[in-house]
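Some notes on the structure that comes next.
All of the numbers you see were taken from the coordinates with simple rules; none came from a lab. These numbers come from a predicted model, not from an experiment. For neighbour counting, all protein chains shown are included, and Cβ atoms are generated from backbone atoms with ideal geometry for every residue, glycine included.
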Amino acid sequence: MWGALVSTPGGGHVIRVLIAEDMHMIRGALVALLSLEEDMEVVAELDRGDAVVETALRVRPDVAVLDIDMPGLDGLSVAAQLHETLPDCRALVLTGLSQPGNLLRALKVHVRGFIVKDAPAGTLAAGVRRVAAGERVIDPELVAVALETGSSPLTAREGDVLRAADSGLPTEEIARTLALSPATVRNYLSNAISKVGGRNRIDTIRIAKDAGWI
């Protein structure tokens, strides 16, 4: 995924970086690559999203590099928590092109960097520097795909119901979990299927997840 990286930065502040990625080999590659940068120090590496904020409060990173999909808590939810609890730590999220709808959500939760995982290695290091400097870094290919896909046609409640349905819960359990009636849940599911153009509930969930709408 990441190629060789050589950098010759000038003197100045060392950027403290926290890396959260649940896949061991990818996390190791990210740590190794950024550790080659003379102006960067990896101060923590984690494999769960729900451990990021507590660790960040302890090690005080300048930039948190977050995988978008992690156990415990996804990268965008982590970024939102970091913005609230440690606003000086800027979030850079690594994502795939398969979920362009996440770009809008990322901007709403104050993510400063949004880079695809198969970008050249130099893109990551440069992105960390720019994010640390207060700039916003968004992969242009991802922007193009996001514009082509468009924003989510789902209401917030329809998204909640689809997420609950994706966990395999029956309609009655979804209703209890979301404090709705079973009839209302069925209505939200029907609306979502119609808006997304899915053949059924499972197909609708797949389409919405691929677009990054849920």
Likely footprinting exposure, Ser151, Ser77, fewest C-beta neighbours within 10 Å first:
Ser151, Ser77
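Starting with the fewest neighbours, write out Val185, Val109 ranked by other beta-carbon atoms found within 10 Å of each beta-carbon. Don't jump to the answer; show the numbers that get you there.
On the way: Val185 25, Val109 18.
Ranking Val185, Val109 by Cβ neighbours within 10 Å, fewest first, gives Val109, Val185.
Could you tell me how many cubic angstrom of Cα convex hull volume segment 26-140 has per residue? Display every interim value, and only then the final one.
Details: hull volume 10.8 nm³, N = 115.
Considering the Cα atoms of segment 26-140, their hull volume per residue is 94 Å³.
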I'd like the distance separating the alpha-carbon centroids of segment 110-188 and segment 39-72, in whole Å.
20 Å
Percent relative contact order for segment 15-148, counting Cα pairs under 8 Å at least six residues apart, stands at 21 percent
Among the lysines, which fall within straight-line cross-link reach of Lys108, defined as a Cα-Cα distance under 19 Å, with same-chain neighbours fewer than 8 residues apart omitted?
Lys209
Can you compute the charge dipole magnitude of segment 123-193 about its Cα centre, using +1 on each Lys and Arg Cβ and -1 on each Asp and Glu Cβ, nothing else charged? Give it in debye, rounded to the nearest 20.
200 debye
Net lengthening on full extension, Ala144/Ala126 (0.36 nm per residue, minus Cα-Cα):
4.4 nm
Could you size up the charge dipole of segment 156-211 around its Cα centre, putting +1 on the beta carbon of Lys and Arg and -1 on that of Asp and Glu, and report it in debye to the nearest 20?
120 debye
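For Asp50 and Thr155, FRET efficiency with R0 = 25 Å and r from the beta-carbon atoms, rounded to 0.05? Please list the in-between numbers first.
Details: r = 27 Å, r/R0 = 1.09.
With R0 = 25 Å, the Cβ-Cβ based efficiency is 0.35.
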Quick P(r) readout (the chain; Cα-Cα; 10 Å bins; whole %) gives 8, 32, 31, 19, 8, 2, 0
In Å, the Kirkwood hydrodynamic radius from C-alpha pairs for segment 156-211 sits at 10.9 Å
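What is the gain in length, in nm to one decimal, between Glu38 and Val116 on full extension, counting 0.36 nm per residue of separation less the C-alpha to C-alpha distance?
Working: separation 78, 0.36 × 78 = 28.08 nm, distance 2.37 nm.
Result: 25.7 nm gained on full extension.
Under the definition of Cα pairs under 8 Å and six or more residues apart, what whole-number percent is the relative contact order of segment 85-214?
On the way: 151 pairs, mean separation 35.1, N = 130.
Taking the mean separation of contacting Cα pairs over the length of segment 85-214, I get 27 percent.
Take Asp139, Asp74 and order them by how many other Cβ atoms sit within 10 Å, fewest up front. Please list the in-between numbers first.
Details: Asp139 22, Asp74 19.
Going from sparsest to densest Cβ surroundings: Asp74, Asp139.
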With +1 assigned to the C-beta of every Lys and Arg and -1 to the C-beta of every Asp and Glu, and no other charges, what is the dipole magnitude of the chain about the Cα centre in debye, to the nearest 20?
640 debye
